[in-house]
Amino acid sequence: MPETPNPTPAHVAIIMDGNGRWAKQRGLPRIEGHRRGVETVRSIIDAAKELGIRYLTLYAFSVENWKRPQDEVGALMSLLEYFLKRETATLVKNQVRLLAIGRTQDLPEFVRRQLEAAIAATAHFTGHTLVLALNYGSRTEVIDAARAYAAAVAAGKISPDDSSWETFSRHLYTADLPDPDLVIRTSGEYRVSNFLLLQAAYSEFVFTPVAWPDFTKADLVAAIAAYSKRERRYGQTSEQLKTVTTD
Ligand code: FPP
């Protein structure tokens, strides 16, 4: 337990899991779970803003998700397009900037078009940022970053002697984002599933049994309350953190 509770996390990242099981338990097709999941996305974007969370990252589609049945992949892409089309006006009204991380260039053209339009329409907002992880995977992110880094070295823009986390991490998709303070995974699974593996090096994790379609603002508040009680040590000892330096 920290001496004083941690302040509201600046960056919350969420692995939105359990749509399929939610639907199955109700005798509904999986896509109905994803449809309800989109409604949760809308309410949690609002809730995060109300709670003063400046960055919210949502794992919407992983590089591995292409392996799902074709009709489910197609339905997820259509839902994304629908969400982007419908939500852009609300993001603008609420002054939320939209960003995307992942190999977005490989998304279908009809999704990319909406995504680019939404990003452009919200690019000037600075207070709150929604990040969608789309066709995202940490391992492909590292490959892409290593490639960009090697190109910068070859072009003489970076000396290999200057290699440091600071110079390398500027080539990740998240170059302009702070690391997540809190990572939440819904639906009772205890995995990180190739999500922000490097950025979450010092994040706190909260796992909740609640399926994503049932996740509410109250569940987000509960996750933040758990986070506020964690002692973030970043490799130091508890005693070191309690030592107040006076010089
Ligand atoms: C995991 O549930 C969820 C996904 C793979 C997709 C998440 C997508 C959405 C919430 C909708 C689209 C997103 C946006 C931002 C509009 P699962 O299907 O793996 O659930 P299961 O483990 O119970 O099968």
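Laboratory data are not the source of any read-out in this text; all were calculated from the coordinates shown. Everything numeric in this text was worked out from a predicted model, so none of it was measured. Neighbour counts run over all protein chains shown; Cβ positions are idealised from the backbone, glycine included.
Values as computed for the structure displayed
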read-out: Calculated from backbone phi, Karplus (6.51, -1.76, 1.60) coupling profile of the stretch 31-48 in Hz, x at Gly/Pro; value: 4, 5, x, 5, 4, 5, x, 5, 5, 5, 3, 4, 6, 6, 4, 5, 4, 4
read-out: Overall form of the stretch 97-146 per C-alpha gyration tensor (a/c, 1.5; a/b vs b/c); value: oblate
read-out: Gaussian network model of the chain, springs between alpha carbon atoms under 10 Å - residue of Asp144, Asp71, Asp17 with greatest fluctuation; value: Asp71
read-out: In the stretch 189-247, the chymotrypsin sites (Phe, Trp or Tyr not before Pro) that fall in loop regions by DSSP, at most 16 other Cβ within 10 Å; value: Tyr190, Tyr202, Tyr234
read-out: Within straight-line cross-link reach of Lys85, lysines at Cα separation under 23 Å, skipping those fewer than 8 residues along the same chain; value: Lys49, Lys93
read-out: Other-chain or far-sequence residues with amide H under 5 Å of Glu204's (modelled H); value: Leu182, Val183
read-out: 5 angstrom amide H check on Ala100, placed H, neighbours 5+ away; value: Leu132
read-out: For Thr167, net neighbour charge (Lys/Arg +1, Asp/Glu -1) across residues whose Cβ lies under 14 Å away; value: -1
read-out: Sparse-neighbourhood loop sites, trypsin sites (Lys or Arg not before Pro) in the stretch 1-88 - DSSP loop, at most 12 other Cβ within 10 angstrom; value: Arg26
read-out: Whichever lysines have a C-alpha closer than 24 Å to that of Lys242, once near sequence neighbours (fewer than 8 apart) are set aside; value: Lys229
read-out: Alpha-carbon gyration tensor eigenvalues x 5, square-rooted, for the stretch 1-86, Å; value: 29, 15, 13
read-out: Residue exposure sequence - Met1, Met16 - by fewest surrounding Cβ within 10 Å; value: Met1, Met16
read-out: Net +/- balance of residues flanking Thr8 in space, Cβ distance below 10 Å, scoring K and R +1, D and E -1; value: 0
read-out: Kirkwood estimate for the stretch 48-103, i.e. one over the average of 1/r between Cα atoms, Å; value: 13.2 Å
read-out: Anisotropy class of the stretch 61-166 from Cα gyration tensor, a/c 1.5 cut; value: oblate
read-out: Three-way shape call for the stretch 129-196 based on the alpha-carbon gyration tensor, with the a/c threshold at 1.5; value: prolate
read-out: Sites excluded, GluC sites (Glu not before Pro) in DSSP loops with at most 16 other C-beta within 10 Å, longest stretch of the chain; value: 4-188
read-out: Neighbour-count ranking [beta-carbon atoms within 10 angstrom, fewest first] of Leu177, Leu132; value: Leu177, Leu132
read-out: For Thr129, distant residues with modelled amide H under 5 Å away; value: Tyr55, Leu56, Arg97
read-out: In the stretch 144-239, trypsin sites (Lys or Arg not before Pro) in a DSSP loop with at most 10 other beta-carbon atoms within 10 Å; value: Lys157, Arg191
read-out: Calculated SAXS-style log₁₀ I(q)/I(0) at q = 0.11 Å⁻¹ - the stretch 88-247, Debye, Cα scatterers; value: -0.63
